[in-house]
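Engineer: Got a structure for you, questions after.
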Amino acid sequence: MDRAQLADFLRTRREALQPEDVGLPRGPRRRTRGLRREEVAALSGMSTDYYSRLEQQRGPQPSEPMLAAIARGLHLSLDERDHLFRTAGHNTPSRSLRGDHVNPGIMRILDRLGDTPAEVVTALGETLVQTRLAVALLGKETEFTGLERSQVYRWFTDPRTRRIYPEADHALQGRFLTAGLRTAYSHQGSGSRAGEIVEALLERSEEFAEVWHQHEIGVRRLDDTKRVQHPELGTLELHCQVLYDADQSQALLVFTATPGTESHQKLQLLPVLGDRQPYV
């Protein structure tokens, strides 16, 4: 771990970011060049004291999850993230499609969607980050580990995952998720993370095996409408706009409703629900 280089790199990256880059108001009295330390700490999900000590060359060696969080908070590119890991004395993470690193451009857009349900997911259906309103709408999807990080794995192994959708939509949702997994499998191969998920599901779920062997590709909803069955708000009919990064390994999902509809009115109530977990 090179404390001096790590501190210098963190400081320069922090000063290069502007409040508008991360969805923060500039304010009339801001004199700091770039972001403040406490702002980076909040974006990274850690204490200001911990982050400040790293910039002051007196903190402990950060763990890999801490470094991944800092990379996300500072909106680092993959090359910058790799440099951060090496400078902190760790091997660089794999650049496979299962990576936890959120594309900086996607992250900048997400930061501006604080009043909208939105989330970033991988090609395997692993949710990397959500807005607060996405948590209120869909539940906290970033805390799973292992194979359960993948929504398609949870769909066929944990009945609780299906509570979010009306029962009439379950068959289509299963086909939709399976088709997405097959696309990832075709890109990554049998020895990949996608292959691991497929193999596990074939062993555990007869339903998945039946859908998988249909070999469907590109399953879509005919009317581009996604129905969500919220325990407090009831059923919402939503449009899910999707923005992919350059290599289509990550997607930004934004949930909206047609203005003037009952579903649109229900979406406006999400902030009132606060940080409660709706599906616990």
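The values are calculated or read from the model by the stated rules, or taken from the named source; none is laboratory data. Please read these numbers as outputs of a predicted model, since none were measured by experiment. Every residue, glycine among them, receives a Cβ derived from its backbone with ideal geometry; neighbour counts consider all protein chains shown.
Engineer: Quick one: L78 ticks every box in (1) within 16 Å of V228 (Cα to Cα); (2) at pLDDT below 90 except a single one, so which number is it?
Structural biologist: Tallying (1) within 16 Å of V228 (Cα to Cα); (2) at pLDDT below 90, L78 fails exactly one: (1).
Engineer: Mind checking which residues of the range 230-246 are touching a residue at least 24 places away in the same chain (Cβ under 8 Å) and either of a type in the set (S, T, Y) or surrounded by 14 or more Cβ atoms within 10 Å (Cβ to Cβ) (or both)?
Structural biologist: H230, L233, T235, L236, E237, L238, L243, D245
Engineer: Can you confirm whether the range 212-229 contains a residue that is outside any strand (DSSP E or B), free of Cβ contacts under 8 Å to residues at least 24 places away in the same chain and of a type in the set (D, E, K, R)?
Structural biologist: yes
Engineer: Give me the pairs, please: first residue somewhere in the range 62-86 and more than 21 Å from Q18 (Cα to Cα), second residue anywhere and β-branched (V, I, T), beta-carbon distance under 6 Å, and either six or more positions apart or on two chains.
Structural biologist: Here the result reads D82/T92; F85/T92, each pair linking the range 62-86 to a residue that is β-branched (V, I, T).
Engineer: I would also like to ask the following. Exactly one condition in (1) surrounded by 14 or more Cβ atoms within 10 Å (Cβ to Cβ); (2) modelled with pLDDT of 90 or more; (3) under 22 Å from the mean Cα position of the chain (by Cα) is not met by T183; state its number.
Structural biologist: (2)
Engineer: Right, here's the next one. Which condition from (1) closer than 28 Å to G191 by Cα; (2) within 17 Å of the chain's Cα centre (by Cα); (3) in a helix (DSSP H, G or I) is the one that H83 breaks?
Structural biologist: (2)
Engineer: Let me ask something additional. Checking the structure you have, find out if any residue of the range 118-129 is farther than 20 Å from S249 by Cβ and assigned by TED's automatic domain parsing to the domain that holds R175. I'd like the intermediate steps shown before the answer.
Structural biologist: Let us first name the residues in the range 118-129 that are farther than 20 Å from S249 by Cβ, namely none.
Looking for residues that are farther than 20 Å from S249 by Cβ and assigned by TED's automatic domain parsing to the domain that holds R175, one finds none in the range 118-129, hence no.
Engineer: Given the criterion under 25 Å from T127 (Cβ atoms), exposed (fewer than 13 other Cβ atoms within 10 Å of the Cβ) and among the hydroxyl-bearing types (S, T, Y), identify the matching residue among S44, S63. Step through it out loud before you land on a result.
Structural biologist: Details: S44 fails: exposed (fewer than 13 other Cβ atoms within 10 Å of the Cβ).
None of the others qualify; the one that does is S63.
Engineer: Working only within the range 86-113, note down all residues that are under 22 Å from V135 (Cβ atoms), at pLDDT 80 or above, in a loop (DSSP other than H, G, I, E, B) and of a type outside the set (A, V, I, L, M).
Structural biologist: If the condition is that a residue be under 22 Å from V135 (Cβ atoms), at pLDDT 80 or above, in a loop (DSSP other than H, G, I, E, B) and of a type outside the set (A, V, I, L, M), then N103, R112 are the ones that fit.
Engineer: Inspect the range 151-158 for any residue being modelled with pLDDT of 90 or more, surrounded by 21 or more Cβ atoms within 10 Å (Cβ to Cβ) and among the β-branched types (V, I, T) and give the result as yes or no.
Structural biologist: Yes: one or more hits.
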